[in-house]
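The block underneath contains the structure these notes are about, expressed in structure tokens.
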């Protein structure tokens, strides 16, 4: 008999694995992505494909450079997921090189300089988004009105190729529009009050179903919510972070709204616009960059929610999700250190419990 | 009252002395290996910076301006800062020898922490009152402490990571500092100053 | 709300205070319905002298001796140790080192007996009527019988029975949880020998002087629960069977105490400090045999199971029987297993060779195939927190692992490494297949090694001092000898001189010696 | 000009006074640490550190001329304590570098003549035996100091890594397969 393997126990294992987790997340992202495809048509699909292909390419390149097994590591699905999330946050009709540069930043700078999967302290997709937003403010805020697939206004394949890979046709300006956040921000800066601005853009119904200008995958709060609930139902994520993000954002914006409804939009508007819903379920919940303990996750989520509202309300960027996530990512190690669970038989500060004489059964 | 709040927010977050103004990078890289040491360094710097901001304001307005000796500003500020640092060093050595050892060479180096002199000079340049100077110094130091501690937490985790050989040590720390700096850009525009 | 109802609330709160634990596939069906069968006499018995925690027993037989069944062959040495007895009659053919039933395969002091086939009993333990014996006598009897904790920890049971001298004990918990997957030997014991078990429990309760007895059995063993419930009256003091949830690691001593009584044992403390003592069900059976029949611990029931075994079974084997012979008895192996284990799949020890003996703490022999071990290649930690979620001790396994990998053992200790019970829940649940438990075992071993170095350091100092003292003494003695010789020389000279001029008085030689 | 000089002088004088007071107020006694260091060393004067005896080593450590890890018999424990005393960087706790496998002496009994030279030289009395008898090493007492190897006239003594036993065996670090087979 050949010698059986000599390693320490346990000698059996649960069915849970990294790859399955990644696939489950992708499945839950599918509804919102499909809607994005439908709303923004062929250019969005092309950009999506380019971004994911670039992410895979850079991942393979980095793995080869680090002399690791390329095929096996690629199959874990993490690069696809990063590319996917990044593509979801880009303007749908952005040129191809935005997706490629973004994938480069995310995979190389965000992840592989730290050693690859599981090592990065910052969310790679958010690193890419923030860096693109800072470096390329114009293409990163070129939103278009939804032009559903097969509808008369939608670009055909030729036009789509031109939008993504070539020079955009002259009439693209006719469809470009401001996102809800950008529009409200700009109008508020222009000295108008909300009760005058909101009716122009704010339609909760449309925001909810994604029939508004915005990033490809972030527009439909409803479908993102559905995906998120599935994610939680499959026990891939705990609801601590999403609830903390949404709750704190709603609380702060609600408070502000109560103080001055003319200056500050209502919490529902905050929740359903921009990337907040997407962030709450799919970005903030990234295992690698979020705290591990329940309390830590609540603190982290609350931090993101508050920062998002603060940056949206007072900051110079229309959307604060990327920055908020990065800032809280930076705090994650500290949060982890200070929110360790109580050890069995010890009190919170790590001292052994005292025996209470009256305790005996 | 609101002005003071704005100064505090502005110096601590928006115009963070390390990540936005890029002052005081030496202790930022040097004392961020361990959270405890970073916290100690942060407190020591806070003490020195606040005191130096106030003292330099006094020297400027009570001594230099009346005597028309503004050209001695940098010289006298450095003198004042050096004195305060020496005092802090003696005090920490007595109060917490552990912290004294952990801070090592960086404690006397607060003297040459450009953030300290920078904040003192900025105070004069921006024509702050005494209270504003004090707050400006404190806010800057609080921002310094905040990012130092956050960065130390990150670096403690970095130390356990499987970072590729070319990036180990200082390079990955600089990459991280850069990303952190980018994250702080999110605060841009929070207060207009 | 009154105090009573408050405390009742606390006691019914979640199994492990609402955290930790896993639900591995138990696969107990493989052997749960096979009655305990006795194995025929094996061809050779290798009885290690170290089958327990504590000091190794000292052999009291030599090569060539004839031994009888139950005869003492290894004598306990020191307070924490256990006697070893001959499992059958035969001839001692070797006293020396053989491979231990241990992953390292390192040698251990072993007495090898070739059975003569007669299985002749020697002198049994002295008779004792437990109902009239004092607790001390019972404990001493258990000690003579060489009984150790049979759940796997192998802590000498007599030492645990003596805890009553140091603590006010109130509750005896009989651990029938058997939370390890696959294992069914305790289940079968409780089903088939409930009367004997109840008797053993009653004797232990008497020896401990406890007020109540609780038999804790996991909910997935309804027949065992029913069987034990029928015998509760026989125990003599308030006794009940408690059905505990099927949740690994329910059998861990401190977690079982918490699940049953709601009391959380402080870190680094004994459950006895809370007035609770936990004994294994199989230990109770051994106590019954020792007290009623004077039989020392020379055999035990174990489960042979796993997809790699042709005929899974529960077998009563003699201590010292080789694993290979037991497997043969169960129809042999079905191909090469991925892992061959002594004990359960969670905490059992892998072995290199089948030619190692089973010992007092061996509760199972498992041959697991790839489909059961489900071992995949290791991936980087993605910080999913799965290990933290299932850790019954409230630790952060991934953080500890990271620190250990980075070489920072002290930091790992700071965040609780030494509170880890190595139950394996974290590794089981890790989606990246990281060998967390091995990492912790390595770190603990390394720390123990460093500790022993420290100990040796002190020892070295002591040795160096005694040596210095001895050297000084020798030097001093030499000097004195020299001085004496000098004095003698001087005296002789004087005598010689005296013979010439006898008028001078003799000097006092002692004055020179003291110098 | 005079004003400038006067101002700077006044500033310097003022700060100097404050610092002088602070130096007295916060004065810290630094005890001689050589004795403290020596107390931590094994005291066997085995000479593995390259200094003449433990006292010499303690002086070297106190001056900073020798690293805290200089004492092989002391191992990591001593190094950590010394680092605490001297304020030097403590050695890592689990790395393979600092705490290498301990070594012990081993006597080839075939070559041993029973001359008792090693026996007399051993600082910890780890060699047992008498004149004209074959000597053996007590592994638990031996510190691997090399003294006996040097004096053996028949070169019957070597240093080897301390043999593993069930008592000191532990699981290897995951990912180091070499140890698994021992």
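Here are a few things to note about the model shown:
- Count of residues meeting criterion [surrounded by 24 or more Cβ atoms within 10 Å (Cβ to Cβ) and over 15 Å from residue C:303 (Cβ atoms)] in the range C:338-355: 2
- Taking the criterion of being in a loop (DSSP other than H, G, I, E, B), surrounded by fewer than 22 Cβ atoms within 10 Å (Cβ to Cβ) and over 21 Å from the mean Cα position of the chain (by Cα), the residues of the range C:294-329 that qualify are C:294, C:307, C:310, C:311.
- Single residue of the range C:156-172 satisfying the filter (over 17 Å from residue A:355 (Cα atoms) and part of a strand (DSSP E or B)) that is nearest to the other protein chains (Cβ to nearest Cβ): C:172
Yes/no per residue for (1) surrounded by fewer than 20 Cβ atoms within 10 Å (Cβ to Cβ); (2) within 8 Å of chain D (Cβ to nearest Cβ):
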| position | (1), (2) |
| --- | --- |
| B:66 | yes, no |
| B:70 | yes, no |
| B:77 | no, no |
| B:84 | no, no |
| B:87 | no, yes |
| B:96 | yes, no |
| B:103 | no, no |
| B:107 | no, no |
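- Being under 30 Å from residue B:160 (Cβ atoms), at pLDDT below 90 and within 14 Å of chain D (Cβ to nearest Cβ) is a property that residue B:92 has.
- Test: residue C:438 is without any contact (Cβ under 8 Å) to a residue 24 or more places away in the chain, at the interface with chain D (Cβ under 10 Å from one of its Cβ atoms), in contact with a helix residue (DSSP H, G or I) (Cβ under 9 Å, 6 or more places away or on another chain) and closer than 28 Å to residue D:141 by Cβ: no
Okay, residues lined up against (1) more than 7 Å from chain A (Cβ to nearest Cβ); (2) more than 16 Å from residue B:37 (Cβ to Cβ); (3) modelled with pLDDT of 90 or more:
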{"site": "B:141", "(1), (2), (3)": "yes, yes, yes"}
{"site": "B:153", "(1), (2), (3)": "no, no, yes"}
{"site": "B:164", "(1), (2), (3)": "no, yes, no"}
{"site": "B:173", "(1), (2), (3)": "yes, no, yes"}
{"site": "B:178", "(1), (2), (3)": "yes, yes, yes"}
{"site": "B:181", "(1), (2), (3)": "yes, yes, yes"}
{"site": "B:187", "(1), (2), (3)": "no, yes, no"}
{"site": "B:190", "(1), (2), (3)": "no, yes, no"}
{"site": "B:193", "(1), (2), (3)": "yes, yes, no"}
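- Sole exception among (1) more than 30 Å from residue C:443 (Cβ to Cβ); (2) more than 11 Å from every other protein chain (Cβ to nearest Cβ) for residue D:125, by number: (2)
- Within the range A:47-59, tally of residues that are buried (at least 24 other Cβ atoms within 10 Å of the Cβ) and free of Cβ contacts under 8 Å to residues at least 60 places away in the same chain: 4
- Taken over the range C:82-103, the criterion of being within 14 Å of another protein chain (Cβ to nearest Cβ) and either under 17 Å from the mean Cα position of the chain (by Cα) or at positive phi (or both) is satisfied by C:100, C:101, C:102, C:103.
- Within the range C:344-353, the residues that satisfy the criterion of being touching a helix residue (DSSP H, G or I) at 6+ places or on another chain (Cβ under 8 Å) and within 7 Å of chain A (Cβ to nearest Cβ) are C:345, C:346.
- Members of the range C:227-250 found to be in a helix (DSSP H, G or I), in contact with a strand residue (DSSP E or B) (Cβ under 9 Å, 6 or more places away or on another chain) and at pLDDT 90 or above, listed by number: C:228, C:229
- Any hit, the range A:33-46, residues being under 16 Å from residue A:106 (Cβ atoms) and in contact (Cβ under 8 Å) with a residue 12 or more places away in the chain: no
- On the stretch given as the range D:14-29, residues that are surrounded by 10 or more Cβ atoms within 10 Å (Cβ to Cβ) and more than 7 Å from every other protein chain (Cβ to nearest Cβ) total 7.
- Qualifying residue in the range A:282-301 (condition: more than 7 Å from every other protein chain (Cβ to nearest Cβ), over 26 Å from residue C:381 (Cβ atoms) and surrounded by fewer than 24 Cβ atoms within 10 Å (Cβ to Cβ)): no
- Being at negative phi and part of a helix (DSSP H, G or I) is not true of residue A:264.
- Test result for residue C:386, touching a helix residue (DSSP H, G or I) at 6+ places or on another chain (Cβ under 8 Å) and within 12 Å of chain A (Cβ to nearest Cβ): yes
- Count of residues meeting criterion [in a loop (DSSP other than H, G, I, E, B), farther than 15 Å from residue A:6 by Cβ and more than 7 Å from chain A (Cβ to nearest Cβ)] in the range C:356-376: 7
- Leading residue by the ranking (farthest from the other protein chains (Cβ to nearest Cβ)) among those in the range C:418-435 that are more than 21 Å from residue C:181 (Cβ to Cβ) and surrounded by fewer than 23 Cβ atoms within 10 Å (Cβ to Cβ): C:418
- Members of the range C:406-415 found to be modelled with pLDDT under 90 and surrounded by 22 or more Cβ atoms within 10 Å (Cβ to Cβ), listed by number: C:409
Results for (1) within 8 Å of another protein chain (Cβ to nearest Cβ); (2) over 17 Å from the mean Cα position of the chain (by Cα); (3) closer than 26 Å to residue C:71 by Cβ; (4) assigned to a loop (DSSP other than H, G, I, E, B), shown as yes or no for each residue.
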position: C:254; (1), (2), (3), (4): yes, no, no, no
position: C:260; (1), (2), (3), (4): no, yes, no, no
position: C:267; (1), (2), (3), (4): yes, yes, no, yes
position: C:278; (1), (2), (3), (4): no, no, no, no
position: C:287; (1), (2), (3), (4): no, no, yes, no
position: C:291; (1), (2), (3), (4): no, yes, yes, no
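- Residue C:450 within 8 Å of chain D (Cβ to nearest Cβ), farther than 23 Å from residue A:12 by Cα and surrounded by 18 or more Cβ atoms within 10 Å (Cβ to Cβ): yes
- Scanning the range C:206-224 for residues that are part of a helix (DSSP H, G or I), buried (at least 21 other Cβ atoms within 10 Å of the Cβ) and in contact with a strand residue (DSSP E or B) (Cβ under 9 Å, 6 or more places away or on another chain) yields C:208, C:224.
- Against the list (1) within 12 Å of chain D (Cβ to nearest Cβ); (2) closer than 30 Å to residue B:35 by Cα; (3) buried (at least 22 other Cβ atoms within 10 Å of the Cβ), the condition residue C:399 fails is (1).
- Matching entry among C:79, C:101, C:40, C:59 (being surrounded by 17 or more Cβ atoms within 10 Å (Cβ to Cβ) and touching a residue at least 60 places away in the same chain (Cβ under 8 Å)): C:101
- Top-ranked residue of the range C:106-139 - restricted to ones that are surrounded by 18 or more Cβ atoms within 10 Å (Cβ to Cβ) and either out of contact with any helix residue (DSSP H, G or I) (no Cβ under 6 Å at 6 or more places or on another chain) or more than 28 Å from residue C:206 (Cβ to Cβ) (or both), ranked as farthest from the other protein chains (Cβ to nearest Cβ): C:115
The values are calculated or read from the model by the stated rules, or taken from the named source; none is laboratory data. Everything numeric here is computed off the predicted structure, so don't read it as measured data. Neighbour counts run over all protein chains shown; Cβ positions are idealised from the backbone, glycine included.
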